[in-house]
Amino acid sequence: MITVEGALHDATRRLMGASGSPRLDAQLILAHALETPRESLIGHPERLLSEHEARTFETLVTLRTRGMPIAYIFGKRPFYDRTFRVTSHVLIPRPETEEVIEAALHWLNERVLPTPRIIDVGTGSGVIGLTLAAHVPHARVVATDVSAAALIVARDNADGLTNVAFVQADLVEPFSGTFDVIASNLPYIATDELNILEVAHFEPHVALDGGSDGLALIRRLLNVAPCHLASPGLMLLEHGADQGAAVAELACQAFPDAQVAILKDDAGLDRIVRIERGE
């Protein structure tokens, strides 16, 4: 038999080479294995683990020592004000993407649109489209992805939302109308960089690979976006921290009459290109 403190001590030691926060990871994994709040572990370090609990904990810690992200181990990830199911078929939601939600909601709240039309291009687990659908219940939201497996995850995450349609599509190819808001977090990592990134060992390459310069899909979307953005309309493109100037230049070429700006994330890094088309 092993206590909570003993299990955490052993797991923390094992995770030191695989995690930047080994003690926290050990606590989170044990709380998940025991189906108890992390605070309970801290308050009761003397608690004994059952044989089943110890085996479950050992299995999960082993996965983490091999580099598997916590979100895939748990099968879920908090984002904005919801928790989303994640699998190896979808990208793990990043906190930076919440900036897309904030920018879209701010723009929508400043306007009286009876039925806003929103499209989330490359939805993955659905975090952008579903969060906007939940906060703007009178909107009609379309969530697209080229991956059928990703759309299955996104549909599961809809959790009763009825104002979202899921469409398997290459960007906006099937659509002929316009949208008031186009939001997208497309793959933006250069192909050559995938081999040196740990996340590429677990997260789907289709959600990471942005072509030779990381901008292939963003460039393709911007080439067709002017036909799909309403006036007034807002387009938000998440990108890599070193790609702001390049994406903004592409946006200015595609939308010469629109206002183009680069938004920064909480770390002060370029993160989103904002394109606003007037009346």
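Might you check whether a residue that is more than 19 Å from Leu237 (Cβ to Cβ) and surrounded by 15 or more Cβ atoms within 10 Å (Cβ to Cβ) occurs anywhere in the range 114-128? No, the conditions are met nowhere in the range 114-128. Just for strands (runs of 3 or more DSSP E) wholly inside the range 51-131: which have at least 1 residues that are within 23 Å of Leu217 (Cβ to Cβ) and of a type in the set (Asp, Glu)? Result: 117-121. Based on this model, can you work out whether Leu237 counts as in contact with a helix residue (DSSP H, G or I) (Cβ under 8 Å, 6 or more places away or on another chain), under 16 Å from Ala103 (Cα atoms), modelled with pLDDT of 95 or more and among the aliphatic types (A, V, I, L, M)? Criteria met by Leu237. When Ala216, Ala165, Ala169, Ala200 are checked against the criterion of being more than 30 Å from Thr65 (Cβ to Cβ) and either open to solvent by less than 20 Å² (accessible area, probe 1.4 Å) or aromatic (Phe, Trp, Tyr) (or both), a single residue qualifies: Ala169.
The single residue among Leu60, Leu41 that is crowded, with 17+ Cβ neighbours inside 10 Å and at pLDDT 95 or above turns out to be Leu60. Do we have Gly75 as open to solvent by less than 30 Å² (accessible area, probe 1.4 Å), over 19 Å from Gly122 (Cβ atoms), touching a residue at least 60 places away in the same chain (Cβ under 8 Å) and not acidic (Asp, Glu) here? When the stated conditions are applied, Gly75 does not pass them. Buried (at least 23 other Cβ atoms within 10 Å of the Cβ), polar (S, T, N, Q) and either within 24 Å of Asn223 (Cα to Cα) or at pLDDT below 95 (or both), is that true of Asn157? No. Checking the structure you have, find out if any residue of the range 110-123 is more than 20 Å from Tyr188 (Cα to Cα) and touching a Leu at 6+ places or on another chain (Cβ under 8 Å). The answer is yes, given that some residue of the range 110-123 is more than 20 Å from Tyr188 (Cα to Cα) and touching a Leu at 6+ places or on another chain (Cβ under 8 Å). Any chance the range 132-142 includes a residue that's among the β-branched types (Val, Ile, Thr), open to solvent by less than 70 Å² (accessible area, probe 1.4 Å) and not in a strand (DSSP E or B)? Yes.
The lone criterion from (1) over 30 Å from Ile128 (Cβ atoms); (2) surrounded by fewer than 19 Cβ atoms within 10 Å (Cβ to Cβ) left unmet by Ala26 is number (2). From the list Thr3, Thr12, the lone residue that is over 29 Å from Val127 (Cα atoms), among the hydroxyl-bearing types (Ser, Thr, Tyr) and open to solvent by 30 Å² or more (accessible area, probe 1.4 Å) is Thr3. Can you name every residue in the range 28-50 that is assigned to a helix (DSSP H, G or I) and free of Cβ contacts under 8 Å to residues at least 40 places away in the same chain? Passing the criteria: Leu30, Ala31, Ala33, Leu34, Arg38, Glu39, Ser40, Leu41, Ile42, Gly43.
Sub-9 Å Cβ pairs linking a first residue in the range 158-181 that is within 25 Å of Phe84 (Cα to Cα) and small (Gly, Ala, Ser) to a second residue that is open to solvent by less than 40 Å² (accessible area, probe 1.4 Å) and assigned to a loop (DSSP other than H, G, I, E, B), at least 6 apart or interchain, are Ala158/Gly126, ordered by first then second residue.
Scanning the range 187-222 for residues that are under 20 Å from Ser88 (Cα atoms) and part of a helix (DSSP H, G or I) gives Thr191, Glu193, Leu194, Asn195, Ile196, Glu198, Val199, Ala200, His201, His205, Val206, Ala207.
For Asp81, the stated conditions do not hold, so it cannot be described as in contact (Cβ under 8 Å) with a residue 24 or more places away in the chain and open to solvent by less than 20 Å² (accessible area, probe 1.4 Å).
The values are calculated or read from the model by the stated rules, or taken from the named source; none is laboratory data. Since we're looking at a predicted model, the values are computed, not measured. Note that each Cβ is placed from the backbone with ideal geometry, even for glycine, and that neighbours are counted across all protein chains shown. Surface accessibility is based on the protein's heavy atoms, side chains included, excluding ligands, DNA and RNA. Shrake-Rupley method; radii C 1.70, N 1.55, O 1.52, S 1.80 Å.
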